[in-house]
Amino acid sequence: MATSAHTEVPHEKGPFPPFESKNFPSQLVWLGVSFVVLYVMLSKVVLPRVASILEARKRRIEIDLADAAKAKSDSDAAIAAYEKSLADARASAQALAAKTHQELAAKSEARRKELEAGLAAKLADAEKKIEATKTGAMKNVGAIATDAAASIVERLTGSAPDKAVVERAVSATIN
């Protein structure tokens with residue numbers, strides 16, 4: 001048979017020690033001491049460090065905001081300069097285009113006038129030739145009409161008509 005060995009000392013069960021009223025005064029003293037030590041340590045060491053960190057952050061943010069504002073104003077100035085140079089370039093290009101257009105229009109107009117003058121001269125020469133040809137043809141028309149009328153009368157009547165009579169009749173009809 002085996003016997004069981006117990007190492008525990010039997011004791012009487014009592015209330016939890018921090019809740020015993022006889023321990024309250026020492027607990028309150030230690031609470032006060034701990035509070036004073038913690039308060040002194042926080043106020044002398046931790047809080048100044050936190051305050052310096054917050055102040056450094058604030059300064060850094062102010063510097064960053066100032067840098068951002070400066071960069072914005074610089075970029076606004078660069079944009080304004082770019083837009084001005086772009087407007088100047090557009091105006092210059094439009095002026096150059098207008099000048100070129102005027103020069104080309106003047107050259108085109110001069111060339112058109114030159115061609116019109118040449119065509120007018122050719123037209124005048126052609127009209128003179130037509131008039132000369134017409135006059136020559138009209139001279140021949142009288143002779144041809146006289147010969148044709150004489151032939152027609154001869155065929156119809158069987159005898160040749162008097163040439164002077166036919167010429168008078170044809171010239172009276174033509175004029």
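Bear in mind that the values in this text are calculations on the coordinates, not laboratory data. The shown structure was predicted, so the numbers you read here are calculated from the model rather than taken from an experiment. Every residue, glycine among them, receives a Cβ derived from its backbone with ideal geometry; neighbour counts consider all protein chains shown.
If you take every residue apart from A81 with its C-beta less than 12 Å away from the C-beta of A81, what net charge results, scoring Lys and Arg +1 and Asp and Glu -1? My count for the surroundings of A81 gives -3. The relative contact order of the chain comes to 9 percent, based on Cα pairs under 8 Å that sit 6 or more residues apart.
Give me the number: length gained by fully extending S21 to L96, i.e. 0.36 nm times residue separation minus the C-alpha to C-alpha distance, one decimal in nm.
Details: separation 75, 0.36 × 75 = 27.00 nm, distance 10.48 nm.
So the chain would gain 16.5 nm between S21 and L96.
The candidate values were [x] 1.16; [y] 4.18; [z] 1.20; the one computed from these coordinates for Cα Rg over 2.2 N^0.38 Å carries the label [y].
Highest mobility in the GNM of the chain, judged by mean-square fluctuation with C-alpha springs under 10 Å and restricted to E103, E116, E20, is found for E20.
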